[in-house]
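Presented below is the structure to which this report refers.
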Amino acid sequence: QVQLVESGGGLVQPGGSLRLSCAASGSIFSVENMNWYRQAPGKQRELVASVTRGGSTNYADSVKGRFTISRDNAKNTVYLQMSGLKPEDTAVYYCNFFVRPAPISNVNVYWGQGTQVTVSS
């Protein structure tokens, strides 16, 4: 089994910055894609940013130029540096990992518990 633990959410003023972290522990051989999703009240969960094991990144158009995703493979951890935050960034943010538990195995998908980010003056 694998557990994902998120940290770093909170209340920030518009234009401010926050850094989210998500660390995985448990039966892990490797982590393929690491993703950040978010879900605002009354809206569907949406993909915010993703990073492959090799470091290729992808961002939602709404966060390009403001958010940066990065990962530390040795620590099985992903980060989301958020700057220039806007009220519309307010949501619960979830990390999502594609985990390979053994060298030759299928990939299992795990979710973090979610962390609240509120952007308000």
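Ignoring ligands, DNA and RNA, what percent of the 1.4 Å accessible area of the range 1-111 is carbon and sulfur?
The C+S portion of the solvent-accessible surface of the range 1-111 is 48 percent.
Where both residues lie in the chain, what percent of DSSP beta bridges are antiparallel, nearest 5?
Expressed as a percentage, antiparallel bridges in the chain total about 95.
Taking the full set of protein chains and a 1.4 angstrom probe, give the accessible area of Glu32 in square angstrom, rounded to the nearest 10.
Answer for Glu32: close to 50 Å² accessible.
Could you identify which residue out of Ile28, Ile69, Ile104 has the top mean-square fluctuation in a GNM of the chain using Cα springs shorter than 10 Å?
Ile104
Compare Phe29, Phe67, Phe98 in a GNM of the chain, Cα atoms joined below 10 Å, and give the one with the largest fluctuation.
Checking each option, the largest mean-square fluctuation is seen for Phe29.
Per residue, what accessible area does the chain have, given a 1.4 Å probe and all protein chains present, in Å²?
Heavy-atom accessible area per residue stands at 52 Å².
Mind jotting down the three principal axis lengths of the range 1-112 based on Cα atoms? Whole angstrom, largest first.
45, 26, 21
What does the charge add up to near Ala40, with Lys and Arg as +1, Asp and Glu as -1, over the other residues with Cβ less than 10 Å from its Cβ?
Neighbourhood net charge equals 0.
The values are calculated or read from the model by the stated rules, or taken from the named source; none is laboratory data. Just so you know, these numbers come straight off a predicted model, no measurement behind them. Backbone-built Cβ (ideal geometry, glycine too); neighbour counts: all protein chains shown. Note: areas computed on protein heavy atoms with side chains; ligands, DNA, RNA excluded. Shrake-Rupley method; radii C 1.70, N 1.55, O 1.52, S 1.80 Å.
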